[in-house]
Amino acid sequence: MKQAYYLSMEFLQGRALLNAIGNLELTGAFAEALKNLGHNLENVASQEPDAALGNGGLGRLASCFLDSLATLNYPAWGYGLRYKYGLFKQRITKDGQEEVAEDWLEIGSPWEVVRNDVSYPIKFYGKVSTGSDGKRYWIGGEDIKAVAYDVPIPGYKTRTTISLRLWSTQVPSADFDLSAFNAGEHTKACEAQANAEKVYLIY
């Protein structure tokens, strides 16, 4: 069976709860169940942070495409990066308005399924050299491990649910410079981790 793969640098999903129960036609039942427990659906839904995976029209369009693919029952996947700081929040200080990073993953996301069984080594920097056997080899650079996180995207009035696969970065434990840490050079010891986390920021 053929599958479609939609790759985007941004996915502006918004809050997943209301979208999911709406597509499954469970909004009324969900609201009634919460009411019986002494809670209000709007108040509960407002506790979910926006998935900060984009900050513009490109991300909104990409998410609409995934919703449509699921609704039309197409076998498809979305692929993107698991940004940590994809949006910003504003605050007012004595100096005026300021933009600060907002960590939407600060308390985790119940929609994500971490796939530790789906990971790949990724190389940054370095160079490609040709060996004596005529084959090309990647020399030097940094090794980063890409780990998959799957997010369900339910279609509207259908049983089809596709996945948005987001890639996060991890640094192999061997890359932590313990000798530098013990020598008090903490910044140098964590340099590999800091470089890996650069992909967490979208702008």
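Amide H contacts under 5 Å for Glu102: Leu87, Lys89, restricted to partners 5 or more places along the chain or on a different chain, H placed in the peptide plane at 1.01 Å from N. Residues whose amide H comes within less than 5 Å of that of Gly78, counting only those at least five positions distant or on another chain, are Tyr6, Ser163, Leu164, Arg165 (H built at 1.01 Å from N in the peptide plane).
Fully extended, how many nm does the chain gain between Cys64 and Ile139 (0.36 nm per residue separation, minus their Cα-Cα distance)?
Details: separation 75, 0.36 × 75 = 27.00 nm, distance 4.09 nm.
Roughly 22.9 nm would be gained on extension.
Estimated from helical segments only, the mean residue ellipticity of the chain at 222 nm is -7000 deg cm²/dmol, where each DSSP H run of four or more residues counts as -39500 (n - 2.57). Pairs exceeding a 28 Å alpha-carbon distance, out of Lys84/Lys123; Lys2/Lys157; Lys2/Lys127; Lys35/Lys157: Lys2/Lys127.
Here the 3J(HN,Hα) profile of region 91-99, calculated from phi with Karplus coefficients 6.51, -1.76 and 1.60 at θ = phi - 60°, is 9, 9, 10, 5, 8, x, 7, 10, 9 Hz, Gly and Pro shown as x.
Beta bridges per DSSP, both residues in region 1-122: antiparallel share near 60 percent.
Could you work out the relative contact order of the chain? I mean the mean sequence separation of Cα pairs under 8 Å and 6+ apart, divided by the number of residues, in percent. Could the numbers behind the result be given before it?
Details: 365 pairs, mean separation 45.9, N = 203.
That works out to 23 percent.
If you run the Gaussian network model on the chain, springs between alpha carbon atoms under 10 Å, then out of Asn36, Asn19, Asn73 the most flexible one is Asn36. Along region 158-163 the Karplus relation, 6.51 cos²θ - 1.76 cosθ + 1.60 evaluated at θ = phi - 60°, assigns HN-Hα couplings of 8, 8, 6, 10, 9, 10 Hz to successive residues, with x for each Gly and Pro. Look at [x] 1.14; [y] 1.01; [z] 1.27: the one that is Cα Rg over 2.2 N^0.38 Å derived from this structure is [z].
For region 151-156, backbone phi angles converted through the Karplus equation (6.51, -1.76, 1.60; θ = phi - 60°) give residue-by-residue couplings of 10, x, 10, x, x, 8 Hz, Gly and Pro being listed as x.
The numbers here are math on the coordinates, done by the rules we state, and not lab data. Remember, it's a predicted structure, so these values are computed and weren't measured experimentally.
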